[in-house]
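Report on the following structure.
Nothing in this text is a laboratory measurement; each read-out follows from the coordinates by a stated rule. What you see is a predicted model, and the numbers here were worked out from it, not measured in a lab. Cβ placement follows ideal geometry from the backbone for every residue including glycine, while neighbour counts extend to all protein chains displayed.
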Amino acid sequence: MPAMHPKTFNKIAERLFKEQDRVDSIIFGEALAAVRREHARERSIQIDEKTVLDIAVSYDGTWLTRGHQSHIGIGCVIDVLTGLVIDSHVLSDFCHVCVTTGKIKKKTRSPRCV
């Protein structure tokens with residue numbers, strides 16, 4: 001069975017990554033707005049979108065599998081007051097193109113490829 005050409009795969013993957021970034025910015029934007037409203041209510045202050053707030057956050061990270069064999073990890077920034085995740089980042093050291101071609105393509109690899 002013929003496989004998908006690496007260039008085609010990369011184009012599709014890049015479109016998916018861009019759409020995921022767009023969705024992330026919407027969701028995290030709504031979470032951040034809720035966090036800002038709750039902190040303003042808690043402190044009984046008026047804020048606008050440019051007001052910088054000093055908030056307490058927690059950071060947590062995990063791997064897909066236990067031990068040092070996982071290729072996928074995630075880190076989350078969590079607001080302490082509300083418990084909402086206000087930012088996250090997924091990292092992977094797996095690159096489909098690198099695996100299928102058998103070499104690391106440093107100049108042409110996706111920005112998502114670590």
Quiz item: What are the principal axis extents of the Cα atoms in the stretch 6-101, in Å, biggest first?
Solution: 58, 32, 15
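Please give the FRET efficiency for Met4 paired with Ala34, using the beta carbon to beta carbon distance and R0 = 41 Å, rounded to the nearest 0.05. Don't jump to the answer; show the numbers that get you there.
Numbers: r = 40 Å, r/R0 = 0.98.
Once rounded, the FRET efficiency stands at 0.55.
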Exercise. Find, among the trypsin sites (Lys or Arg not before Pro) in the stretch 4-94, those assigned to loop by DSSP (not H, G, I, E, B) with at most 16 other beta-carbon atoms within 10 angstrom.
Key: Lys50, Arg66
Quiz item: Order of His89, His39 from fewest to most other C-beta atoms within 10 Å?
Solution: His89, His39
Quiz item: Residues with amide H under 5 Å of Ile86's amide H, sequence separation 5 or more or different chain, H placed in the peptide plane at 1.01 Å from N; which?
Solution: Val77, Ile78, Asp79
